[in-house]
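Input: a single structure, listed below in structure tokens.
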Amino acid sequence: MSTTKRRRPSNFQRAADGSMTLIEHIRELRKRLFRACLAIVAGAIGGYYVAEQVKDFITQPYCDLFLSKNPTGLCSFNLNSPLDQFMLTLKIALYVGLVISAPIWLYQLWAFIAPGLHKRERRYTYAFAVVATPLFAGGMALGNVLVNRSLSWFLGMSSEFTVTVNLTGYFDFVTSVMLLFGAAFEFPLIVLMLNFAGVVSAKRLLGWWRVAVFLMFVFAAVVTPTPDPFNMTILALCMAVLYFAAVGLAFINDKRRGRRSPYAGLKDDEASPIEPVSPVDAPTWGAPPDYDERR
């Protein structure tokens, strides 16, 4: 008799082969969410100690512009409530905690979804996750630059009044623009994912370029903080470049997929050749026996 013990299948294997029950799936989801929340709380505790540095980084453009106009003055913000500064510190700590703990809670999310994907789909997801991170960071950096450029236009509209900016409103304005710019840079990646999933072909994506560019300019006009055409054009052109790069990768993917297809080289609008078939002779049957012989 063999003394070796069979390994019990892991939860990942049981979820992949469909042997887990609905209750076990719910328990697995609860466990993953609990771990993700613990990671976010731990990251927020660490982010609380660097919240002041983050707040100084966000408010630095406004203070530089304010001190350039009033060298002897003091950069100050307006607060509507005594709790505003503390609540803003907690908000910054939460944002920093989400960023710091992103590898943990993203892994927990991935560990719950991955058993339902094929092996090839998992590889694609890894590649898209690697590309999505620098794209989002690049979009946020561009949003920060455009916000800094727009402050001089907003605050220089009138020199008759002394402008005192609300601290919470200023922080929400800057972070919302940075997040929108980061999300805008993910649009070409979503287009590429639809192509890899077989939903849309590269030829059709290229045919939609006029509509896509128009929608990019409309989106840029909505999310850019200033009404001038320069910031809008910068964002729209960046999105257009990324879109056409995604279309180029989609063409490469379609070409690779076409080589593997058993119908490669055949066109949809042409009939397949039919080889001539030699005629088949009619079967010959013997003469029926006489009645007397059958008796």
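The values are calculated or read from the model by the stated rules, or taken from the named source; none is laboratory data. These numbers were taken from a predicted model, which means no experiment stands behind them. Cβ sites come from the backbone with ideal geometry, for glycine too, and all protein chains shown count toward neighbours. Just so you know, the surface numbers come from the protein's heavy atoms only, side chains and all, with ligands and any DNA or RNA stripped out. Shrake-Rupley method; radii C 1.70, N 1.55, O 1.52, S 1.80 Å.
General observations
- For segment 236-245, putting each phi into the Karplus relation 6.51 cos²θ - 1.76 cosθ + 1.60 with θ = phi - 60° gives couplings of 5, 5, 4, 5, 5, 4, 5, 5, 5, 5 Hz, in residue order, rounded to whole numbers and with x for Gly and Pro.
- Label-reachable residues, segment 123-155, where backbone N falls under 19 Å from a point 7 Å from Leu237's Cα toward its Cβ: 138-150
- Cut-off 13 Å (backbone N to label point 7 Å along Cα→Cβ of Leu206), residues of segment 227-252: 244-252
- Each of Cys37 and Leu109 was given a label point 7 Å from its Cα along the Cα-to-Cβ line. The distance between the two points is 1.7 nm.
- Put a dot 7 Å past the Cα of Val199, heading toward its Cβ, do the same for Thr21, and the two dots end up 3.6 nm apart.
- The phi-based Karplus calculation (6.51 cos²θ - 1.76 cosθ + 1.60; θ = phi - 60°) puts the 3J(HN,Hα) values of segment 171-180 at 5, 4, 5, 5, 5, 5, 5, 5, 5, 5 Hz, whole numbers, x for Gly and Pro.
- With each label modelled as a point 7 angstrom along the Cα→C-beta vector, the Phe214-Leu179 pair spans 3.1 nm.
- Accessible surface, per residue, of segment 185-262 when the full set of protein chains is kept, probe 1.4 Å, Å²: 58 Å²
- Mean Cβ neighbour count within 10 Å, used as a protection proxy, ranking 28-34, 168-174 highest first: 168-174, 28-34
- Our estimate of slack between Phe230 and Arg256, defined as 0.36 nm per intervening residue step minus the Cα-Cα distance, is 5.4 nm.
- Taking amide H atoms as placed 1.01 Å from N in the peptide plane, the amide H of Asn78 lies under 5 Å from those of Val165, Asn166, Leu167, each 5 or more residues away in sequence or on another chain.
- Length gained when the stretch Val222-Asp64 is fully extended (0.36 nm per residue, less Cα-Cα span): 54.2 nm
- FRET efficiency, 1/(1 + (r/R0)^6) with R0 22 Å, evaluated for Tyr126 and Leu29 via beta carbons: 0.50
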